[in-house]
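Asker: Structure incoming, see below.
The values are calculated or read from the model by the stated rules, or taken from the named source; none is laboratory data. Predicted model only: the values in this text are computed from it and were never measured. Glycine also receives a Cβ, built like all others from the backbone with ideal geometry; neighbour counts cover every protein chain displayed. Each accessible area value is taken on the protein alone, full model and side chains, heavy atoms only, with ligands, DNA and RNA left out. Shrake-Rupley method; radii C 1.70, N 1.55, O 1.52, S 1.80 Å.
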Amino acid sequence: MENQKKEYKRRIHYSGSYPRNFKEKYKELQPEKYADTVERVIKKGSTPAGMHLSILVSEILDFLQIKPGQTGLDATLGYGGHTKEMLRCLEGQGHLYALDVDPIESEKTKERLKKLGYGEDILTVKLENFANVDRIAEEAGVKFDFVLADLGVSSMQIDNPDRGFSYKVEGPLDLRMNPEKGDSAAERLTQVTREELEGMLVENADEPYAAEIAREIKKQQRNGKKIVTTTDLRCCIENALHFLPALERKEAVKKSCARTFQALRIDVNSEFEALYAFLDKLPDVMAPGGRVAILTFHSGEDRLVKKSLKQLKKAGVYEEISKEVIRPSLEECRKNSRARSTKMRWAIRAGRE
């Protein structure tokens, strides 16, 4: 009987000294196998492909003051970095519920945490929007002693061109947190009027060139141009801002691209509606004296959070709220450039058991 030969699988080849394409970064995408490569990437101030570096971890834990035996909620599971640290604080006693709307990444994170020893006895992961936090608390039959909501988009989503979250790489113009539900960003652009699109860009991202960008997008569509990829949209923005002086155009296009993609992402995922619902329901799912920390990443989110916390403090629902935002240190921003826009606000539920 002849010995069967094992199929030899060659490693991914790429041009140049270092891989540039997301899928070519096979070492970064296997952090368990290539830990030294991942460490080098982080030291350079970059986020390894397929990973997400958690922000303000020590500041969050200092505030939440998690104790063994407590019950908590991570309203935005993501890569699970914050989740892992909160689970450590529980020391095997108590329970943590974690929510996410992304079926692709939440399953990966659940398996990753399970391998670290955090099974269903201490961690419950649910594919659910944090807007339905009341439903989660009711199903669990508990009030939460601590809550964390990190409102940022995870790096795994931003960096993967198949998800269409970044204008920097070619990919389908999708932007959905759950690609199995709702309309993509490309579809939304065909549904809104010029006036609605302009309003979306202003309200969701404070875009100063909203009128010019909306006009150009609708002009392209009238001329039969389909805007279905991230590059298609970036080209529209470049055309819309062509009137700017050459010296300032490049930076303006970069910033307008970031804001336009943000505005579309917020619209496609109904992020403001979900945040309104979460902030409204939050006090009712917190135990007396319970603590909540919320991380925001742009002015629209921060305004909503600040307003809600102030109003509920005035109404006596929260006994204490953060007077000023907490920001990442210069050292953290140096190590992780995506931390720069982060703001943390917190509140403590009124009443004591």
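Asker: Return the Cα extents of region 221-297 along principal axes one, two and three, sorted largest first, each rounded to a whole Å.
Answerer: Taking the Cα atoms of region 221-297, the three principal extents are 57, 31, 16 Å.
Asker: Follow-up. Between Arg135 and Glu187, what is 0.36 nm times their sequence separation minus the Cα-Cα distance? Round to one decimal in nm.
Answerer: Extending this stretch completely gives an extra 15.7 nm.
Asker: Label points 7 Å out from Cα along the Cβ direction at Lys225 and Ala211: separation in nm?
Answerer: A separation of 2.1 nm, rounded to one decimal place.
Asker: Expressed in nm to one decimal, what extension gain is obtained for the pair Asp121 and Asp280 from 0.36 nm per residue of sequence separation less their Cα-Cα distance?
Answerer: This chain segment gains 54.3 nm when fully extended.
Asker: Could you work out what % of the accessible surface of region 184-297 is carbon and sulfur, using a 1.4 angstrom probe and leaving DNA, RNA and ligands out of the count?
Answerer: On the way: 2570 of 5200 Å².
Exposed carbon and sulfur together represent 49 percent of the surface.
Asker: Lysine pairs in region 244-345 with Cα distance under 24 Å, only those 8 or more apart or on different chains: how many are there?
Answerer: 24
Asker: At a probe size of 1.4 Å, how large is the accessible area of His298, to the nearest 10 Å²?
Answerer: That residue has around 30 Å² of solvent-accessible surface.
Asker: Next up: For a protection proxy built on the mean count of beta-carbon atoms within 10 angstrom, sort 263-273, 53-63 highest first, please.
Answerer: On the way: 263-273: 20.3, 53-63: 18.2.
The packing order, highest mean first, is 263-273, 53-63.
Asker: Still on this structure: If each of Glu319 and Glu196 carries a label point 7 Å out from its Cα toward its Cβ, how far apart are those two points in nm?
Answerer: 4.7 nm
Asker: Now a separate question. Hey, what's region 161-275 come to in accessible area per residue, 1.4 Å probe, Å²?
Answerer: On the way: 5700 Å² over 115 residues.
Accessible surface, normalised per residue, equals 50 Å².
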